[in-house]
Number of protein chains: 2
Amino acid sequence: MATPTPTPAPTSPACTPAALAFGGRGGFLLARARVGPGAGGRWVVRAQPAAAELVERSVNTIRFLAVDAVEKAKSGHPGLPMGCAPLGHVLFDEFLRFNPANHAWFDRDRLVLSAGHGCMLHYALLHLAGYQGVTIDDLKAFRQWGSRTPGHPENFETDGVEVTTGPLGQGFANAVGLALAEKHLAARFNKPDLTVVDHYTYVILGDGCQMEGVANEAASLAGHWGLGKLIAFYDDNHISIDGSTAIAFTEDHTIWVQNGNTGYDDIRAAIKEAKEVKDKPTLIKVTTTIGYGSPNKASTHSVHGSALGSKEVEATRKNLSWAHEPFHVPDEVKRHWAHHLEEGASLEAEWNAKFAEYEKKYHQEAVELNSIISGKLPAGWEDALPKYTPESPADATRNLSQQCLNALAKVIPGFLGGSADLASSNMTLLKMFGDFQKDTPEERNIRFGVREHAMGAICNGIAVHSPGLIPYCSTFFVFADYMRAPIRLSALSESGVIFVMTHDSIGLGEDGPTHQPVEQLFSLRAMPGILILRPADGTETSAAYRIAVINRKRPSILALSRQKLPQLEGTSVEGVAKGGYVISDNSSGNKPDLILISTGSELEIAEKAADQLRKEGKSVRVVSLVCWELFEEQSEEYKESVLPSDVTSRISIEAGVTMGWEKYIGQKGKAVGIDRFGSSAPAGKIYKELGLTVENLIATVKSL
Amino acid sequence: MATPTPTPAPTSPACTPAALAFGGRGGFLLARARVGPGAGGRWVVRAQPAAAELVERSVNTIRFLAVDAVEKAKSGHPGLPMGCAPLGHVLFDEFLRFNPANHAWFDRDRLVLSAGHGCMLHYALLHLAGYQGVTIDDLKAFRQWGSRTPGHPENFETDGVEVTTGPLGQGFANAVGLALAEKHLAARFNKPDLTVVDHYTYVILGDGCQMEGVANEAASLAGHWGLGKLIAFYDDNHISIDGSTAIAFTEDHTIWVQNGNTGYDDIRAAIKEAKEVKDKPTLIKVTTTIGYGSPNKASTHSVHGSALGSKEVEATRKNLSWAHEPFHVPDEVKRHWAHHLEEGASLEAEWNAKFAEYEKKYHQEAVELNSIISGKLPAGWEDALPKYTPESPADATRNLSQQCLNALAKVIPGFLGGSADLASSNMTLLKMFGDFQKDTPEERNIRFGVREHAMGAICNGIAVHSPGLIPYCSTFFVFADYMRAPIRLSALSESGVIFVMTHDSIGLGEDGPTHQPVEQLFSLRAMPGILILRPADGTETSAAYRIAVINRKRPSILALSRQKLPQLEGTSVEGVAKGGYVISDNSSGNKPDLILISTGSELEIAEKAADQLRKEGKSVRVVSLVCWELFEEQSEEYKESVLPSDVTSRISIEAGVTMGWEKYIGQKGKAVGIDRFGSSAPAGKIYKELGLTVENLIATVKSL
């Protein structure tokens, strides 16, 4: 059998991270416990683990699939898969509930690899478990163009990968979102006689994840919410324990697997104990050797992110007595893992039978849950969206947004969300629901505290839990900067989160430049895979929400005003769906003298200027370019009908930087905007001083 | 005297934040200690505090200056200043060492209001202390256009304000940077007989700051580095103590001022004790009543961010026996605070005398320290920058960057920095220096761990500590997303940090789309007040560092390649200084058939395509647009000489989104770029598949 050489003791890192702490008043579980020798005696050993020899062969199969794939790609991270293979085997083979034939089975356990660079661990496990999306050829194509095994886990590429990870800390926060979704749905739908929502969320994280602020934020919330079915494994492979910190953080329920390399029974017992803890998340520290088995590179930095090299691969094969060719899966390992196909099918069948009964007994609930599971929106949901006319009272789009949010939550069962401690400013409260909290998880208002970064990442997790969960989250637009990474990941991973960003310009006034977005619109318009919508009034706000809900694979950012705006003539739901459209025009033959293009709160200014210019005899068209991405998707004919290329007199007005407007105004046009930071003063005064006025717009027209 | 009405007990918030924990192996101090009744007995009472009655009048003066200013502005945050006025008075009047006549005195104590919304507290204190930049008229112009008293503290507007705060958590991390700078300079320059660097850094934070991940990251580093002269006050005004958390976090040196409303002696004693702790930062929890003195609004949410309203202002005046008109400063309060002018002058004079002696005894050190204090760069520093020729070997710009960093650190005394755990990938190590650590603070390589957000904010703090400190920080370009808020604040607050961003495109290869920036260039070009430089080879990299160092009020982002690039003919230091310039041309009369415009790693492709097209008889110009911001600042004549408006055949090539390029290619031009997320594959393969090749560029030319 395998006889690993002794590996060097873990060394001290340059930076000792503060341990990750789950927050909450019910106590917490922490990474760095001091569990004395013999504490392992508490563990209950699993009744029927696979024979020890078979387990070790399976574990080595996982190790070498990773080693060989990285070696073939000449790039990748062998260290984590080699070190975490024992944990991976035990968790996936003995605990995880899944159906390889249907990766989307609703009630599966979720597994997130937050330390995404170790993805070969996950691919190897998915392959062994029988996922058809990860064949041996896929493993051989690791990190190659067009493969289903990219360099970091991507949910949109690989069946069985729940979220897209790699940027550190995100996966952990996603897992908090997944666990939140489970707790919420379980509270809403389970009945005393029928439990239809019941799964765990597991997440594996490294020291890098722990150092990231987003993980601290998310851990605080996980503890506060009492997410008892969230089990996090900290792959402790080279960070030494800070004595005093460990002492300060000792708690009864902390779990430390001291020998994550060969202590299979300890791993089993730790997971069992964690599953028994129902009222709080658990963090299991698993001490492993990075690159376990490599005689010369284990426990070194070089094994983290580089191929071992052919010589060391051979040495590792010898060391672990693995005399097989690359990518070999021994028959007995294959035979062992094969049971998951049958077991998975039977798990799902059992659940299907239970759900069939549920549908009979609890028809209304089943309809709602089905909508969440399938992502099919209830018929007629769009009719619930509020309608406005030019006669409707002037209002801030953030207020109009609240009317939309409340209307949608009434008709869409999976609609839920909240704000980063600004609900009363963002106007995001759902009035018919209470707060999602530890003891009221069936409610739909999520209070994220001042934790924008975790908020975004948690919403990404909620969104990928079930196709019909539509999370929204909210803060001041300028603080999109705090959550840019999860916004990007929402776009990349097709999570469809709705980002409600209020106070979207200098129009917020006195709080000054730290709170006034000027470059955020463009900085986000530059991002692929996301819609940026900046509605101008009630009709456009309602239409923007319609777009956001329809786009389930593409997140939306709604940029909304703090200040009151009039309801405009000419705005329309159909127009918003096309991204850009004519809202007023006194020209004929598609040849106006001038086109004014605007978005959001400045559309009013464009309209007023147009009115005045028309009185002076000019033919003027006003275009609302509410969503550039949708406009770009329209036909050339449509675009030409809105912005005829012959008309080069074009002026844009928007309360933000002008960079990028050249696309629509051309080199002969002019852009009225703000190419500087804002200022602290009443909103009207700033608009005036920075030239966002009817007068300045008309003066700019005359300067053309 | 004042007889405040009893205020309601603090209520539980929706979210209980995990307490802020200072990291580090030397133990830490924490926010939420359980200090039993009577623990106050440990405090040593200050020998000669101002008479109790006078202190109370001063405190009420501060309260009402804040109340009146917010009332006049009809906007602002009265709650924190009313609650923290006692702390503010004691700290500023009795402990802080400063010279009101010279806010830039080098060895002053630094005070940061991380809870920036409470800025009227700081403005009132600066006014009382005699800062000429904050007159009573300035207080009356609070939050008005052009005033020196904006809605959040802005270092570039108000003398005495050290950093720009408001976005929560940033100020705390800035303070860690200020304290790091002090510890570093003290270790480098103090002599056994002459202490020329010796000041404290104080920071006031609220619960919002504590919840933010950036504060967790920064606290972890502050503890790790043993920043003993960092003293943080947590304004505990409405967060109740989580019993179990408090128990778990109890430590010997934690300080809790239980009565921050009237316990002046406790406040004094707490600060004294904190100052005695030399080996670790201290967090003092000061329990206060938000809006203290307001009979109907104290301890309520409404007093946080809104004016009290005239009726409640009157009730508060009555409650606190403050019968004065708005903005009144009683004569005895004025007289008391007046001593700071004299005291400050004498503190600085004393220091000046000491420094004069230092200059005599330690000439070389004094020259270096003077450069750091004044910001005057040593003569001839530019000569140290490496020079390259077309014959120099091909290399990745991240490697060339390391040569520049090392060259600059040799000649610029205040040059220091590091990476977020990627030093060996970012190539940022200064080879002649060791690591800045708790016991080696004189060294200049800062190890930030995987904490991008805090890294940026800490560097902002270092930069504003002294004009001659030039911090740089580094991570993969895509993770600029994690630190976008501090990048923005660096630009807004004129901090001049150098952001070294490597792996700047799909050229990083197999790690895939989560690690490949595509929109980051534009998203940052949209930001005001910052330079984005994307050099193409050694000459441009060296020139980019020259620009970055010269621009002391404007931060720079250097986007650098992971992959090897050839040294190009035609690149030049002078050209880079203009932001855009011609690197090759075979046309005459400023009328090429075609202009190819590019940046960074794609400039090589443009050059190769131009060569081929020239062989086919075309006249082709290649332009390096290495820094758009600098190019925009050039004269119209210069810009016309590079991009003549008559030449409309223009093609850009850049490995990023094409949005924004319309500005330079016009509506008839074409942009070759990447309007999607990247992919996991070897770099060359991705370049080919996404069309960033000579062949595709030539095909695009022919399609024009």
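The values are calculated or read from the model by the stated rules, or taken from the named source; none is laboratory data. Being a predicted model, the structure only gives us computed values, none of them experimental. For neighbour counting, all protein chains shown are included, and Cβ atoms are generated from backbone atoms with ideal geometry for every residue, glycine included. In case anyone asks, the SASA skips ligands and DNA or RNA and just uses the protein heavy atoms, side chains included. Shrake-Rupley method; radii C 1.70, N 1.55, O 1.52, S 1.80 Å.
Of all accessible surface on region A:253-383 at a 1.4 Å probe, what whole percent is carbon and sulfur?
52
Carbon and sulfur atoms: what percent of the 1.4 Å accessible area of region B:503-573 do they account for? Could you put the intermediate results ahead of the total?
On the way: 630 of 1320 Å².
Solvent-exposed carbon and sulfur of region B:503-573 make up 48 percent of the total.
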| Projected label distance in nm at A:Asp646 and A:Lys387, using a 7 Å step from Cα toward the beta-carbon | 3.8
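Once A and B are treated as a pair rather than alone, how much accessible area drops out, both sides summed, in Å² to 100, probe 1.4 Å?
Values: alone 25940 and 25920 Å², together 43930 Å².
Buried area between the two chains comes out at roughly 7900 Å².
I'm checking a number: the convex hull volume of the Cα atoms of region A:45-144, normalised per residue, in Å³. What is it? Display every interim value, and only then the final one.
Details: hull volume 10.7 nm³, N = 100.
It comes to 107 Å³ per residue, whole-number rounded.
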| note | The chain B residue whose Cβ lies closest to the rotation axis carrying chain B onto chain A, with that distance rounded to whole Å, is B:Gly213, 1
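Take the residue pairs B:Lys615/B:Lys670; A:Lys615/A:Lys668; B:Lys618/B:Lys702; B:Lys191/B:Lys354; A:Lys608/A:Lys639 and return only those whose Cα atoms are more than 19 Å apart.
Details: B:Lys615/B:Lys670 22 Å; A:Lys615/A:Lys668 24 Å; B:Lys618/B:Lys702 11 Å; B:Lys191/B:Lys354 12 Å; A:Lys608/A:Lys639 24 Å.
Checking Cα-Cα distances, B:Lys615/B:Lys670; A:Lys615/A:Lys668; A:Lys608/A:Lys639 exceed 19 Å.
Sorted by packing (mean other beta-carbon atoms within 10 Å per residue), highest first, where do B:390-402, A:529-541 land?
Working: B:390-402: 18.8, A:529-541: 27.5.
Top to bottom by mean Cβ count within 10 Å: A:529-541, B:390-402.
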| query | Hey, can you rank A:668-677, B:465-474, A:317-326 by average C-beta count inside 10 Å, highest first? | reply | B:465-474, A:668-677, A:317-326
| field | Integer Hz, Karplus 6.51/-1.76/1.60 couplings in order for region A:414-423, x for Gly and Pro | value | x, 8, 7, x, x, 10, 8, 6, 10, 3
| message | Which residues does the label zone of A:Lys360 cover in region A:165-209, counting backbone N under 18 Å from a point 7 Å along Cα→Cβ? | response | A:191-196
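Cα-based Rg of chain B per 2.2 N^0.38 Å, rounded to two decimals? Mind showing how you got there, number by number?
Working: Rg = 28.0 Å, N = 704, 2.2 N^0.38 = 26.6 Å.
That ratio works out to 1.06.
Tell me, what does the Kirkwood hydrodynamic radius of region A:581-703 come to in angstroms if you use every pair of distinct C-alpha atoms? Don't skip to the answer; put the middle values down first.
Values: mean 1/r = 0.0681 Å⁻¹.
Across region A:581-703, the inverse of the average 1/r is 14.7 Å.
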| message | How far apart, in nanometres, would the label points at B:Val573 and A:Ala394 be if each is projected 7 angstrom from Cα along the Cα-to-Cβ direction? | response | 5.8
| query | Which whole-number percent is the relative contact order of region B:283-405 (Cα, under 8 Å, 6+ apart)? | reply | 11
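Please work out the Cα convex hull volume for the protein assembly as shown and give it in Å³ per residue. Write down the numbers at each step before the final one.
On the way: hull volume 249.5 nm³, N = 1408.
Dividing the Cα hull volume of the protein assembly as shown by its residues yields 177 Å³.
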| Estimated FRET transfer efficiency (A:Thr195, A:Tyr638; beta-carbon r; R0 60 Å; 0.05) | 0.70
| query | When only Cα pairs under 8 Å and 6 or more residues apart are kept, what is the percent relative contact order across region A:381-565? | reply | 26
| field | Spin-label proximity, A:Ala101 to region A:305-344 - amide N less than 18 Å from point 7 Å beyond Cα toward beta carbon | value | A:335-344
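Counting only other chains, and only Cβ atoms inside 10 Å, what mean value do you get across the residues of A:162-168?
On the way: counts 0, 0, 3, 1, 7, 8, 7.
That average works out to 4.
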| task | Determine the distance separating the Cα centre of region B:610-650 from the Cα centre of region B:679-700; give it in Å without decimals. | result | 23
| request: For region A:100-122 and region A:65-98, write down the distance between their C-alpha centroids in whole Å. | output: 12
| Which of the lysines could be linked to B:Lys311 by a straight reach, that is with a Cα gap under 29 Å, when you skip same-chain ones fewer than 8 residues away? | A:Lys564, A:Lys685, B:Lys72, B:Lys74, B:Lys140, B:Lys297, B:Lys334
| query | Does region A:585-640 come out rounded, prolate or oblate, given a ≥ b ≥ c as the square roots of the eigenvalues of its C-alpha gyration tensor, rounded meaning a/c under 1.5 and, failing that, prolate meaning a/b above b/c? | reply | oblate
| Based on the Cα gyration tensor of region B:381-565, what are the three equivalent ellipsoid semi-axes, each the root of five times an eigenvalue, rounded to whole Å and given largest first? | 21, 20, 17
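How much accessible area per residue does the protein assembly as shown have, counting only protein heavy atoms and a probe of 1.4 Å, in square angstrom? All intermediate terms of the calculation are to be shown ahead of the outcome.
Details: 43930 Å² over 1408 residues.
So the protein assembly as shown comes to 31 Å² accessible per residue, rounded to a whole number.
Across peptide A:655-668, what mean number of C-beta atoms from other chains lies inside 10 Å of a residue's C-beta?
Details: counts 0, 1, 4, 2, 11, 8, 3, 9, 7, 2, 2, 4, 10, 2.
Going residue by residue through A:655-668 and averaging, the value is 5.
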| message | Going 7 Å from Cα along the Cα-Cβ axis for the label, what nanometre distances separate A:His328 from the same residue across the other copies? | response | 9.4
| query | Modelled label-to-label distance, B:Lys668 and B:Ala187, 7 Å Cα→beta-carbon offset: nm? | reply | 6.2
| task | Considering the options B:Leu408, B:Ile550, B:Leu422, tell which one lies farthest towards the positive end of the dipole of region B:381-565, charges being +1 on Lys and Arg and -1 on Asp and Glu at the Cβ, about the Cα centre. | result | B:Ile550
| query | If you put a point 7 Å past Cα along the Cβ direction, how far is that point for B:Asn296 from the same point in each other copy, in nm, smallest first? | reply | 8.1
| said: Over region B:258-360, what portion of Cα pair distances is larger than 23 Å, expressed as a whole percent? | reply: 59
| said: Run the label-point distances for B:Pro644 please: 7 Å along Cα to Cβ, every other copy, nanometres, shortest first. | reply: 3.4
| message | Could you tell me the center-to-center distance, by alpha carbons, between region B:348-365 and region B:656-678 in angstrom? | response | 57
| For region B:27-343, how big is Rg over Rh, using alpha carbon atoms and the Kirkwood form of Rh? | 0.94
| remark: Of the candidates B:Ser321, B:Gly375, B:His363, the farthest towards the positive dipole end of region B:293-420 (Lys/Arg Cβ +1, Asp/Glu Cβ -1, centred on the Cα centre) is B:Ser321
